[in-house]
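Structure incoming, see below.
Read-outs throughout are calculated quantities, based only on the coordinates presented, and are distinct from any laboratory measurement. In this text the structure is predicted, and so the values were computed from the model without any measurement. All Cβ positions, even for glycine, are placed from backbone atoms using ideal geometry, and neighbour counts span all protein chains on display.
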Amino acid sequence: MPKIIVEVMPKADLLDPAGKAVANALQRKGHSEITNVRIGKRIELHYAEAPTPKQIEEAKEIAANFLSNGVIEDVVSVSVEEL
Amino acid sequence: MRIGVVTFPGTLDDRDAQRAVRLAGATAVPLWHADKDLHDVDAVILPGGFSFGDYLRCGAIAAQAPVMETIIDAANGGLPVLGICNGFQILVEANLLPGGLIRNEHQHFICRDQKLIVENVDTAWTNQFTLGQEITIPLKNGEGGYIAKDETLKELEGEGLIAFRYSEVNPNGSFNNIAGLRNVKGNVVGLMPHPEHAVEPGFGPDTDKAMRSGVDGLNFFTSVLNWMVKA
C-alpha cells in the first residue's frame, strides 16, 4: 500500500519529558554511552493509489499545519513509501 | 442572553460551565462539535477536558471540528469566546491565540487552588475585575506550560495581551508566568485555570472567611453579560 510517512520531533531546545524518562532508564541499565534520548512521532498516511505530486504537496501542508505545531515541534521529513 | 458551551468527545467540564453561565444569570446553550450551527448564541465557551483523548496534541483535533469553523469566523468577527484549560489549548491550536501549551515542567499533573493576577480588564471576559486584582480559582492540568517564540512574547507584553499571570507559584513552567491571554479585540480570552469551578459558595476554593467560599470565577461570566449590554 502506498504511504506517505511524516516524522515529527519536539523542537531541539524544548524539554522532552518522555525522552528524558527513557534516557534515565537507560542510564540505570548501565548504558552510559547513550547521552540523550528524544521521542517524536511517525505518522503514516495511507493511499489507495500512489500519491500524485499534488497529493504529496497536500500531505506536506497537512504535516505542517495539522500533524505538527510549529511552536513546539518540527516536521523532520515527509517521504513517500511505495510497497 | 444565550451563551453556548461546546461539547467535544472527551470534554469534561461542559456541565460545570453551563452551571456557571446560569448562576451568572444567562441561558446556557449546549453546542455539539459536529454541528456547525451556533444556534444564535451571543457568546461561546470552550470548556475543559481531554477532547479527542488529547491525541496528536492537546486541542489539535478539536480545533479542526466542524463547530470550530463557525466559531473561528465568528470570533474573528467579534463574538466573545472563552477557552478554559483544554478550551485554551483549542484556541491556540485554532490560531485564535498565539503560542503553544506543553507538558508541565515538573512533568506531574497538578490540581490546586491557584492565585492569579488580573493583568487586563478590557476584555469580554474580565471587565468585572479590577486591574491587578488577585483572584483564586482551581487549576488542574498536565499540559499547561505556556510557551511562545521570543518575538511573540514581546508582542504579548508590549500590546497588553496577557490577561492573567500566575501569582506566588508558577505551577507549570509557563513563560513569563502566563496563565491566560486575550486577543487584540478583547473578545477572545483563554486560560488554563478553571473559573467555572469557583462560582458558588460551598463549592469553590477556600478563602480567609470560610472553607470553599471562593467565587472569584463568577466575574468571568458576569463580565460577558456586561460586555454584551454595552455592545
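Where nothing but the Cβ of Lys and Arg (+1) and of Asp and Glu (-1) is charged, how large is the charge dipole of region B:39-161 around its Cα centre, in debye to the nearest 20?
It works out to roughly 460 debye.
Among A:79, A:18, A:64, pick out the residue whose Cα is farthest towards the positive end of the charge dipole of chain A, where Lys and Arg carry +1 and Asp and Glu carry -1 on C-beta, about the Cα centre.
My answer, from the dipole projection, is A:18.
Output ³J(HN,Hα) for region A:20-25: one whole-Hz value per residue in order, computed from phi by the Karplus curve 6.51 cos²θ - 1.76 cosθ + 1.60 with θ = phi - 60°, and x for Gly and Pro.
So the Karplus estimates, Gly and Pro as x, are 5, 5, 5, 4, 4, 5 Hz.
Ranked highest first by the average count of other Cβ atoms within 10 Å around their residues, in what order do B:70-80, A:23-33, B:4-14, B:88-98 fall?
Top of the packing list down: B:88-98, B:4-14, B:70-80, A:23-33.
Taking beta carbons within 10 Å but only from partner chains, what does the mean come to for residues B:218-229?
Average neighbour count from other chains, rounded to a whole number: 0.
Could I ask something else about it? So for region B:52-199, taking the charge dipole from beta-carbon charges (+1 Lys/Arg, -1 Asp/Glu), which of B:144, B:95, B:175 sits furthest toward the positive end?
B:144
Any number yet on Rg/Rh for the protein assembly as shown, C-alpha, Kirkwood?
1.01
Right, another one. Taking a quarter of the surface of the convex hull around the Cα atoms of region B:156-231, what do you get in nm²?
So the mean shadow area of the Cα hull is 6.3 nm².
For chain A, modelled as a Gaussian network with Cα springs under 10 Å, which listed residue fluctuates most, A:54, A:11, A:20?
Looking only at A:54, A:11, A:20, the biggest GNM fluctuation is shown by A:54.
Dipole of region B:122-231, Cα-centred, from +1 at each Lys and Arg C-beta and -1 at each Asp and Glu C-beta, to the nearest 20 debye?
That gives a dipole near 240 debye.
Related question: Let me make sure I get this right: for region B:114-203, a, b and c are the square roots of the gyration tensor eigenvalues over alpha carbons, sorted descending. Under 1.5 in a/c it's rounded, otherwise prolate if a/b > b/c, else oblate. Which is it?
oblate
For a quick check: with amide H placed at 1.01 Å from N, whose amide H comes under 5 Å from residue B:29's, ignoring anything fewer than 5 positions away on the same chain?
B:3, B:4, B:5
Hey, what did chain B get for relative contact order, percent, Cα under 8 Å, at least 6 apart?
20 percent
Considering chain B as a Gaussian network with a 10 Å cut-off on Cα pairs, which listed residue, B:190, B:180, B:53, attains the greatest mean-square fluctuation?
B:53
Moving to a separate point now. For region B:2-230, what does the alpha-carbon gyration tensor say about shape, rounded, prolate or oblate, given a ≥ b ≥ c as the root eigenvalues, a/c under 1.5 as rounded, and a/b over b/c as prolate?
Since a/c stays below 1.5, the shape of region B:2-230 is classed as rounded.
Can you bin every Cα-Cα distance in region A:3-81 into 10 Å intervals starting at zero and give me the percent of pairs per bin, rounded to whole numbers?
18, 37, 25, 16, 4
Using the Cα centre of chain B as the reference point, and only Cβ charges (+1 on K/R, -1 on D/E), how large is the resulting charge dipole? Debye, rounded to the nearest 20.
Dipole of chain B, to the nearest 20 debye: 260 debye.
While we're on this one: Express the relative contact order of chain A as a whole percentage, based on alpha carbon pairs under 8 Å and six or more residues apart in sequence.
Once divided by the residue count of chain A, the mean separation gives 55 percent.
Per 0.36 nm of contour for each residue apart, how much would the distance between residue B:169 and residue B:76 grow if the chain were fully extended, relative to their Cα-Cα spacing?
Here the segment from residue B:169 to residue B:76 would lengthen by 30.1 nm.
As I understand it, the dipole of chain B uses +1 on the Cβ of Lys and Arg and -1 on the Cβ of Asp and Glu, about the Cα centre. Which of B:68, B:190, B:228 lies farthest toward its positive end?
Working it through, the farthest residue towards the positive pole turns out to be B:228.
A further question follows. Sum up the charges of everything whose Cβ sits under 11 Å from the Cβ of residue B:169, counting Lys and Arg as +1 and Asp and Glu as -1, but leave residue B:169 out.
Its environment carries a net charge of 0.
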